[in-house]
2 protein chains.
Amino acid sequence: MSELDLETIAVAVAPAEKYREFLATKSLRMTRERAIIVDEVFASHEHFDADQLIQRLARRSDGKRVSRSTIYRSLKHLEEAGLIRKIARQDDRDLYEHDYGYPQHDHLICNRCGTLTEFHNEQISELLEQIARDHGFRIEGHRTEVYGLCDNCCRPPVTRPKKLNLL
Amino acid sequence: MSELDLETIAVAVAPAEKYREFLATKSLRMTRERAIIVDEVFASHEHFDADQLIQRLARRSDGKRVSRSTIYRSLKHLEEAGLIRKIARQDDRDLYEHDYGYPQHDHLICNRCGTLTEFHNEQISELLEQIARDHGFRIEGHRTEVYGLCDNCCRPPVTRPKKLNLL
DNA sequence: GTCGTTGCAAAACTTTTGCAGTTCA
DNA sequence: TGAACTGCAAAAGTTTTGCAACGAC
């Protein structure tokens, strides 16, 4: 099984604080709603889409509800602030992941079960840098999505005929 | 300036013919509309989105109009048939490019002007193969998008303030 | 007090779908 | 002839926006 082999990197300030700084630079305000959202976004390291975040916020027992519009508006901010980034589209929705306090990485995406596996490879980054240089291009970021079948899905089905279990 | 340094590869059959074969395998029919669409899609090698294709078809002087629904339906077929593929999202629309008669490649995408520059690098493919192997993952394809500023956009602006011209 | 912000409902947009009539094989 | 196809209009689904009330600084 492929395990997550990346580690969280040390960050100078918490996401909420970084968000606050970002807001300050644009003369925007840290509101109750924005605090709730950045909290919830960084409460779990899973990738998520807008709808899932809306669900998670609706499920909170503390009644800290935030409207759909505000969530969409905040996702834009968080992306602009470099706290999260879009990684792909899945089921016609934009998928986000943490971009702050987490090293650059790419994804293996299973065409059958949708599982995302993260990986990091420095050589690829170096090659891309080289290629960009050759084209007079200044890299700000990249996204590599590898599609195919994950470990689980390219094995023969685990639910074999009973007969085989007896062999 | 970065020029397109990829060449069209020889293909055994024309796109329209390949489409016909695909349709045959699914007991579908080659209709007047489908012929018009595959023709128009392969008339130019530029990447495009559904709306642009609709515009191009609407602009045809021969009056070969095709409805929006049929175009969307055909794009799905063409993708499934391996004739085109989605390369990214731009302006909230799926962007397509030719996938038949054209070698695998990736893109440098300018964050400012949106220009797409194609490149191909075999070493990256090999690295990805290696990484996939390590994870028990079977690659079916990949997409690498490099974001940043293209050659043009990372130079100082050519249209300077008038004052500077007088210095 | 001044703006920025929120929530709501409505709008905007791309893409999909149901259906009646049409066409291909 | 019959199943597949088209075009239309309507629907679906996500994301955005106008606006009046509200809240941060």
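Quick check: is even one residue across segment A:77-98 assigned to a loop (DSSP other than H, G, I, E, B) and acidic (Asp, Glu)? I'd like the intermediate steps shown before the answer.
The initial filter retains those residues of segment A:77-98 that are assigned to a loop (DSSP other than H, G, I, E, B), namely A:81-83, A:91-92.
Still in the list and also acidic (Asp, Glu): A:91-92.
Within segment A:77-98, one or more residues are assigned to a loop (DSSP other than H, G, I, E, B) and acidic (Asp, Glu).
Which ones in segment A:90-115 are of a type in the set (Asp, Glu) and away from DNA strand C (no atom under 16 Å from the Cβ)?
Quick first cut of segment A:90-115, residues of a type in the set (Asp, Glu) only: A:91-92, A:94, A:97, A:99, A:106.
Hits for segment A:90-115 are A:Glu97, A:Asp99, A:Asp106.
In the list B:Ala35, B:Ala24, B:Ala14, which residue meets the criterion of being more than 16 Å from DNA strand D (Cβ to nearest atom) and either away from chain A (no Cβ under 14 Å) or modelled with pLDDT of 95 or more (or both)?
Working: B:Ala35 fails: more than 16 Å from DNA strand D (Cβ to nearest atom); B:Ala24 fails: more than 16 Å from DNA strand D (Cβ to nearest atom).
B:Ala14 is the lone residue from the list that is more than 16 Å from DNA strand D (Cβ to nearest atom) and either away from chain A (no Cβ under 14 Å) or modelled with pLDDT of 95 or more (or both).
Does segment A:110-149 hold any residues that are β-branched (Val, Ile, Thr) and modelled with pLDDT under 90, and which are they? Before you say what the answer is, go through the steps one by one.
To start, the set of residues in segment A:110-149 that are β-branched (Val, Ile, Thr) comprises A:115, A:117, A:124, A:131, A:139, A:144, A:146.
The one that is β-branched (Val, Ile, Thr) and modelled with pLDDT under 90: A:Thr115.
For segment B:11-55, what are the residues that are within 13 Å of DNA strand C (Cβ to nearest atom) and basic (Lys, Arg)?
Of everything in segment B:11-55, those that are within 13 Å of DNA strand C (Cβ to nearest atom) and basic (Lys, Arg) turn out to be B:Arg20, B:Lys26, B:Arg29, B:Arg32, B:Arg34.
Answer yes if at least one residue in segment A:68-78 is more than 10 Å from DNA strand D (Cβ to nearest atom), among the hydrophobic types (A, V, I, L, M, F, W, C) and in the same structural domain as A:His45 (by TED's automatic domain parsing), and no otherwise.
yes
The values are calculated or read from the model by the stated rules, or taken from the named source; none is laboratory data. Please read these numbers as outputs of a predicted model, since none were measured by experiment. So basically every Cβ, Gly included, is an ideal-geometry build from the backbone, and we count neighbours across all protein chains shown.
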